[in-house]
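K.L.:
Here's a structure for you.
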Amino acid sequence: MYSTCLFCNNPLGANESVEAFPVGKRLAFDQAKGRLWVVCPKCERWNLTPLEERWEAIEQAEKLYRDTRRRVATENVGLAKLREGTTLVRIGEPLRPEFAAWRYGDQFGRRRNRQLLMAAGGLAAVGALFTGFAAAGIGVGGFAWVFAKSGRAIVRGSPEEVVAKISTDRNGVVHVRRRHLSESSLSRNEDGDLALHLRFKNGSDRFVGREAERIASIILPKVNRYGGNRTDVAAAVEEIERVGSAGEFVKQLAGTAEQRTAPYRPPKSRWSARDRGSVKHGLFALPVPQRLALEMALHEESERRAMQGELEELERAWRDAEEIAGISDNLLVPSSVSSVLDKLKRGS
């Protein structure tokens, strides 16, 4: 049983309500499909739980959901707040656009609100400092560029901040700064899969296929740090629906993103470079709906592969169980009866 987020490595918290699964303060479950997620309180992403840990927990969550009065629901999605603070999200059988809009709308909306509040607080502090200088009779004209740069750093984030530490096959753990996101690009490899050219501290590399998707899923939340409003999320869902599936969307975007995500080339002069224009290059150059849709699609694809692996394991286990059951049944049947049954089968 894990206790940290698979995506941001922050603690998932604990609950005292679901005895079979005491991890997480916000649980989402789909009883019909046998899925249980823990929603990370930090990055808001949904962590699919291991198969062997979810069945009893889902039954308990369903009972708790039905027993609580503090709940609201639409036709397909329900939300219940338990007394000790645990939140249950109950999924019925929604159409994918409705489910995706609800799931990611909540995630991106919270991210957006959090960043806007942080930016507003930072800008207010800069404004107060500017006003204080003026009130004290200190000339602020010479410091205007300092205040402007501080304001840009608050809104956009510091270009030098390390936003991700990523384990790679060839380069070990690489440190990705925020400015590296504008110096990275997407394309399609020879097999039609996603390719990612990633800049990082003291180097760069090109990743393809599964590794490119894994790394992209880690850095895209940093590109989408302001999340999106309902209109953006609806447009992102429509981007995926228009193609038909999350996997097809990733492939289609990979085929058209190379020119759009041309990496930022800083001028040689540090004074002429600063950070101007960088937010319009690299991964930041994708339109907001496409950036959000790509983050959604990569997340759904990783879950789909995880579920597919579980289904294959279940099928193998089922075949083994059938074989063992057949052997056990035959041990209980006399050989004379087995011979007669075989003759009847051949004759039919």
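K.L.:
Would you check which residues across segment 9-45 are under 14 Å from the mean Cα position of the chain (by Cα), in a loop (DSSP other than H, G, I, E, B) and either among the charged types (D, E, K, R) or crowded, with 21+ Cβ neighbours inside 10 Å (or both) and list them?
P.N.:
Selection gives C40, K42, E44, R45.
K.L.:
Does S245 satisfy the condition of being open to solvent by 40 Å² or more (accessible area, probe 1.4 Å), among the small types (G, A, S) and either over 25 Å from E160 (Cα atoms) or modelled with pLDDT under 95 (or both)?
P.N.:
Numbers: open to solvent by 40 Å² or more (accessible area, probe 1.4 Å): yes; among the small types (G, A, S): yes; either over 25 Å from E160 (Cα atoms) or modelled with pLDDT under 95 (or both): yes.
The answer is yes for S245.
K.L.:
Something else now. Does A216 satisfy the condition of being at pLDDT 90 or above, part of a helix (DSSP H, G or I) and under 14 Å from L186 (Cβ atoms)? Reasoning before the result, please.
P.N.:
Values: at pLDDT 90 or above: yes; part of a helix (DSSP H, G or I): yes; under 14 Å from L186 (Cβ atoms): yes.
Criteria met by A216.
Here's the yes/no breakdown for (1) in contact with a strand residue (DSSP E or B) (Cβ under 7 Å, 6 or more places away or on another chain); (2) over 25 Å from E300 (Cα atoms); (3) part of a helix (DSSP H, G or I); (4) at pLDDT 75 or above:
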| position | (1), (2), (3), (4) |
| --- | --- |
| Q60 | no, yes, yes, yes |
| R69 | no, yes, no, no |
| V89 | yes, no, no, yes |
| G122 | no, yes, yes, no |
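Yes or no, residue by residue, for (1) open to solvent by 60 Å² or more (accessible area, probe 1.4 Å); (2) at pLDDT 90 or above; (3) among the hydrophobic types (A, V, I, L, M, F, W, C):
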position	(1), (2), (3)
A254	no, yes, yes
K268	yes, no, no
A273	no, no, yes
G277	no, no, no
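K.L.:
For segment 46-58, give me each residue that is open to solvent by less than 100 Å² (accessible area, probe 1.4 Å) and either part of a helix (DSSP H, G or I) or over 21 Å from G309 (Cα atoms) (or both).
P.N.:
Residues of segment 46-58 that are open to solvent by less than 100 Å² (accessible area, probe 1.4 Å), as a first pass: 46-51, 53-54, 57-58.
Hits for segment 46-58 are L51, E53, A57, I58.
The values are calculated or read from the model by the stated rules, or taken from the named source; none is laboratory data. These numbers come from a predicted model, not from an experiment. As a convention, Cβ positions derive from the backbone with ideal geometry for all residues, glycine included, and neighbour counts pool all protein chains shown. With ligands, DNA and RNA removed, areas are computed over all heavy atoms of the protein, side chains included. Shrake-Rupley method; radii C 1.70, N 1.55, O 1.52, S 1.80 Å.
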